[in-house]
1. Quick check for you: which residues of the stretch 476-499 have the amide N under 16 Å from the point 7 Å beyond the Cα of Ala507 toward its beta carbon?
2. Which whole-Hz ³J(HN,Hα) couplings does the stretch 196-207 yield from phi under the Karplus relation 6.51 cos²θ - 1.76 cosθ + 1.60, θ = phi - 60°, glycine and proline marked x?
3. Carbon-plus-sulfur fraction of the accessible area of the stretch 76-182, 1.4 Å probe, in percent?
4. Using modelled amide H (1.01 Å from N, peptide plane; none on Pro or chain starts), what sits under 5 Å from the amide H of Ala450, excluding residues fewer than 5 places away?
5. Semi-axes of the stretch 253-408's equivalent ellipsoid from the Cα gyration tensor, sqrt of 5 times each eigenvalue, largest first, rounded to whole Å?
6. If r is the Cβ-Cβ distance from Arg465 to Ile310 and R0 is 45 Å, what FRET efficiency results, to the nearest 0.05?
7. Mind checking Rg over Rh on the stretch 387-533, alpha carbons, Kirkwood formula for Rh?
8. Where the convex hull is taken over the Cα atoms of the stretch 141-286, what is its projected area averaged over directions, in nm²?
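The values are calculated or read from the model by the stated rules, or taken from the named source; none is laboratory data. Note that the structure is predicted; figures quoted are calculated from it, not measured. Here the Cβ positions follow ideal geometry from the backbone for every residue, glycine too, while neighbour counts run over all protein chains shown. For accessibility, only protein heavy atoms count, side chains too; no ligands or nucleic acids. Shrake-Rupley method; radii C 1.70, N 1.55, O 1.52, S 1.80 Å.
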Amino acid sequence: MATRRQFLLSLASAGSGALLPGCLRGQSDDATPNALAGVRLEPFVDPLFLTPVLRPTSEISGSEHYRITLSEFQQKLHRDLPPAVVWGFEGITPGPVIAAQRGRAVTIDWLNRLPARHRLTIDHSLDGAGKDLPEVRTTIHLHGGHVSASNDGYPEDWITPGKQQRTVYPNRQPGATLWYHDHAMGITRLNAMMGLAGVYLIRDPAEERLGLPAGRFDIPLVLQDRILDARGQLVYPVSDSIDAPSVAEFFGTNILVNGRVSPYLDVEPRLYRFRLLNAANSRMFQLSLVPGQRFIQIGSDGGLLPEPVIRSEIFIAPAERLEVILDFRGREGRRMMLVNNAPTPYPSGGGPVPGLVMQFRVGRPLSADIDTGRIPDTLRAVPRLQETAAVKTRSLKLVEIMAMKGQPHRVLLDGRRFMDPVTEDPLNGSVEIWEFVNTTLDAHPIHLHAVHFQLLDRRPFDVRRLERTSEVVLTGKVLQPAPEERGWKDTILCPPGQVTRIITPFAGEPGRFVWHCHMLEHEDNEMMRPFLLRA
Ligand code: C2O
Ligand code: CU
Ligand code: CU
């Protein structure tokens with residue numbers, strides 16, 4: 001990593017040292033004596049916020065229409081803190097759930113009513129975030145959506161406060177948990193930190209027939225991490241360089257679920273479906289239940305898995321979605337915690353690892369409707385794509401360039417920057433294999449817009465040899481995808497020292513999209529490239 005030295009600025013004023021009485025206590029971070037590592041907060045005192053499903057503003061000829069306002073407001077993130085200044089949709093962050101029906105188009109007008117000044121420090125040395133540009137810019141992208149290029153929220157297609165962006169989503173793809181978030185060039189990490197993200201579901205009759213837990217027993221859980229100061233305000237660090245204030249990664253000291261710090265949820269002794277979304281800027285989560293209980297994983301990015309997978313631990317990288325069933329039957333009166341233990345940066349860093357995600361309290365008697373839902377043995381056919389179907393294989397290196405001689409730290413895809421000419425140009429209707437050769441020390445979640453793909457395998461390679469000769473020489477044995485990675489994916493974890501190979505059918509409307517690392521600090525720092533879907 002580049003410089004890990006960070007100075008922290010709070011929203012309200014720099015380095016507020018004042019601490020509130022009661023359970024709030026400043027943590028001291030020994031590596032950075034003047035840093036504010038956030039307040040320590042009592043966990044499990046706020047009920048989980050059940051994010052409402054938004055009603056369409058109108059329905060025109062079988063298509064649903066929404067008007068969604070982006071604005072700044074205050075939201076209480078924890079019982080013992082004053083409300084934080086945040087950005088969100090329709091007055092909440094994460095934004096309301098949008099529930100689309102498969103086969104039914106959705107049109108959304110995103111109204112930018114944000115202030116003209118950004119709340120967080122912009123790094124004008126980053127491409128697309130120059131001093132000549134308006135500070136506050138937004139472009140909303142539907143992550144995982146199979147949409148046309150003009151509706152995809154291209155990073156440079158931003159609008160400014162007072163303007164609106166219209167997007168049309170055809171929803172012709174299978175049922176899945178997607179999400180919407182800002183994608184503005186050079187400031188995505190800051191807009192996301194302020195709160196511009198929300199869940200978008202595609203409901204699918206094929207899925208509803210399975211009888212999985214539904215209605216109020218089907219709950220999205222949006223995971224984020226934040227640093228909060230004693231006044232309850234968001235803190236986002238800056239580097240020690242005035243000219244290049246962006247940091248290599250962001251790791252918060254508190255975990256938020258649906259916009260509240262470590263909440264609790266009262267559950268009935270029955271089956272629940274939880275749709276987890278990692279909406280953190282950089283943090284990966286490795287989750288387990290204490291006391292021990294299994295997760296039954298049923299879905300990933302692109303919808304249901306072929307069959308349920310029983311797991312004692314689940315892993316979710318930024319932007320990934322993971323659907324699980326938790327079985328609380330026979331657990332009346334128990335409490336269990338969802339805990340995290342993923343190192344940051346992953347897999348070998350020494351950053352802060354807040355452990356307590358949320359708590360489940362199994363208490364209430366069964367409600368009137370006693371159908372607790374089922375877990376079928378098979379969920380959905382996901383035929384494996386054959387390598388022979390691919391017309392092209394691209395080898396793409398993930399590269400980190402350390403800061404030196406006045407050159408800032410950068411993370412690049414295949415050594416190129418965003419503004420360099422397009423090199424990835426798959427033909428519409430074709431299948432390609434992309435091999436991500438991770439030469440860095442960290443794992444990166446790589447995301448492609450407009451498509452879903454399958455993981456072929458991961459292969460360890462000789463990193464030193466590559467540095468000397470730029471040859472990729474494989475070592476060790478091929479790692480086959482685990483059962484939970486055999487569904488459709490749009491974001492794939494690429495561990496260091498491995499070649500992660502995916503196979504993608506490129507089918508849609510031709511146009512220009514992007515692919516990038518979904519650690520937002522990397523994405524803003526050049527780890528994003530255009531790709532052209534050729535006609
Ligand atoms: Cu979650 Cu380029 O997107
Ligand atoms: Cu996306
Ligand atoms: Cu990355």
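1. Residues 488-489 qualify, since their backbone N sits under 16 Å from the label point.
2. 7, 7, x, 8, 10, 9, 10, 8, 9, x, 4, 7
3. Values: 1770 of 3650 Å².
On the stretch 76-182, the fraction of accessible area on carbon and sulfur atoms equals 49 percent.
4. Gly144, Gly145, Val147
5. Values: eigenvalues 230, 124, 25 Å².
Equivalent ellipsoid semi-axes, largest first: 34, 25, 11 Å.
6. Values: r = 39 Å, r/R0 = 0.87.
Plugging the Cβ-Cβ distance into 1/(1 + (r/R0)^6) gives 0.70.
7. Working: Rg = 15.0 Å, Rh = 15.7 Å.
Result: Rg/Rh = 0.96.
8. On the way: hull surface 48.4 nm².
Result: a mean projected hull area of 12.1 nm².
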